[in-house]
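Here is the structure we will look at.
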Amino acid sequence: MASLAGWTRQEGGRAVTPEELPKLIADLAERPAEYEVRETRWKLAGTAADAWGMLLLMTSVLTAEWFFRKRWGLV
């Protein structure tokens, strides 16, 4: 465990004994946040109209692929 703590020493990592754990948890709870967490979520077809459009597009692409494979004798 000490070697794992050594990998993160420059960011404040350290080895802690089980007896020190309650104090560490209390210190972490009192410490203010040092950074802000931002989440970016991307939605594909977020609205109903977009979802239907995406369904139509994907169905068209797969149908065209099937049609050309059938026409060129690849099936």
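Read-outs: derived from the displayed coordinates by stated rules, not from any lab. Note that the coordinates shown come from a computational prediction; the quantities given were computed from them, not determined experimentally. Cβ atoms come from the backbone with ideal geometry, glycine included; neighbour counts cover every protein chain shown.
Remarks
- Rounded to 10°, Cα long-axis angle of helix 21-30 versus longest principal axis of the chain: 70 degrees
- Report note on the peptides 1-12, 44-55: ranked by the mean count of other C-beta atoms within 10 Å, highest first, their order is 44-55, 1-12.
- In the chain, the longest principal axis of the Cα atoms and the axis of helix 48-71 are about 50 degrees apart.
- Each label was represented as a point 7 Å from its Cα along the Cα-to-Cβ direction; for E65 and A2 these points are 5.7 nm apart.
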